[in-house]
Each structure stands twice: as C-alpha cells, then as structure tokens.
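Visitor: Sharing a structure below in structure tokens format, with a few things to ask.
The values are calculated or read from the model by the stated rules, or taken from the named source; none is laboratory data. Keep in mind that what you see is a predicted model, and the values were worked out from it rather than measured. Quick reminder, even Gly has a Cβ in these numbers, built from the backbone with ideal geometry, and neighbours come from all protein chains shown. Accessible surface is based on the protein model in full, side chains and every heavy atom, while ligands, DNA and RNA are left aside. Shrake-Rupley method; radii C 1.70, N 1.55, O 1.52, S 1.80 Å.
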Amino acid sequence: QGQLVESGGGLVQAGESLRLSCTASELWYEISDMGWYRQAAGKQREMVATITTEGSTDYSHSVKGRSTISLNNAKNTVFLQMNNLSPEDTAVYYCWVRVEMTRGYDDYWGQGTQVTVSS
C-alpha cells in the first residue's frame with residue numbers, strides 16, 4: 001500500500017527532547033490506530049505510545065508524563081514528543097499503523113528510526 005515515512009530520530013543528550021513523526025505517504029482511510037514501538041539492543045520490542053483515530057491514547061509507564069502522542073487532522077501522521085530523554089530511551093523506534101479490515105486488522109510497520117541518547 002502506502003509507505004510509512006519516519007523522521008525525527010537522531011543523537012541527543014540526556015535531558016533534551018525530540019519529536020518523532022510518521023506519515024502514511026498515501027491516504028489510508030481505514031487507519032484505526034497509530035503509534036510507536038521501540039526495541040533496544042538485547043530487549044524485546046515494546047509499546048511506547050499509541051493513539052486511536054478517535055483520540056484515545058495509551059502510554060508505557062516509562063514514558064508516561066514526559067511524552068505526548070498526537071495525530072494530525074488528516075489522521076495520517078502520528079507524532080511522539082519525548083521530553084527529558086535518558087540513555088534508557090536509546091532504541092530503534094518503529095512506527096506502527098493498524099488498518100481495520102472486514103476480516104479483522106492488519107498491522108504495518110515503518111523501517112525504524114534510531115534514537116540515541118548520550119549521557
């Protein structure tokens with residue numbers, strides 16, 4: 001279908017902030033949820049934050065209170081604002097999109113963007 005274009009990753013210092021963005025490059029009218037997962041070296045992929053197209057959000061305990069997930073008005077771009085970053089946030093961050101189908105759901109993943117937090 002369309003591409004998931006991720007941006008915003010990079011190298012930051014502890015205490016700094018960044019904003020990740022992920023855009024469905026073509027109109028995905030059936031998107032029901034978008035979000036971000038991350039996978040650090042030697043660890044399983046874990047949910048960071050998700051948001052439904054109705055605006056309901058979910059955050060992992062590790063980022064709750066210092067992160068905000070949001071959608072653009074067209075509901076085809078998800079943003080993750082992360083503040084007060086620490087080295088424990090270092091991981092490859094993957095954009096996740098759930099598309100509602102008549103038979104259920106299909107999940108799609110971005111290629112991943114590296115976030116490295118130096119101390």
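Visitor: I'd like to check something: does the range 24-39 contain any residue that is assigned to a loop (DSSP other than H, G, I, E, B), modelled with pLDDT of 95 or more and not β-branched (Val, Ile, Thr)?
Guide: no
Visitor: State which residue is farthest from GLU46 (Cα to Cα) when the search covers only the range 59-76 and only residues that are outside any loop (DSSP other than H, G, I, E, B) and over 10 Å from the mean Cα position of the chain (by Cα).
Guide: LEU71
Visitor: Scan the range 97-116 residue by residue and report those that are in contact (Cβ under 8 Å) with a residue 12 or more places away in the chain and either more than 11 Å from SER32 (Cα to Cα) or not in a strand (DSSP E or B) (or both).
Guide: TYR108, TRP109, GLY110, GLN111, GLY112, THR113, GLN114, VAL115, THR116
Visitor: Identify, please: which residue in the range 84-107 is over 14 Å from GLY10 (Cα atoms) and touching a Gly at 6+ places or on another chain (Cβ under 9 Å) and is, among those, most open to solvent (accessible area, probe 1.4 Å)?
Guide: Going through the qualifying residues, I end up with ASN84.
Visitor: Quick check on the range 31-66: of everything there that is open to solvent by less than 70 Å² (accessible area, probe 1.4 Å), charged (D, E, K, R) and free of Cβ contacts under 8 Å to residues at least 60 places away in the same chain, which residue is farthest from VAL97 (Cα to Cα)?
Guide: Here the residue is ARG66.
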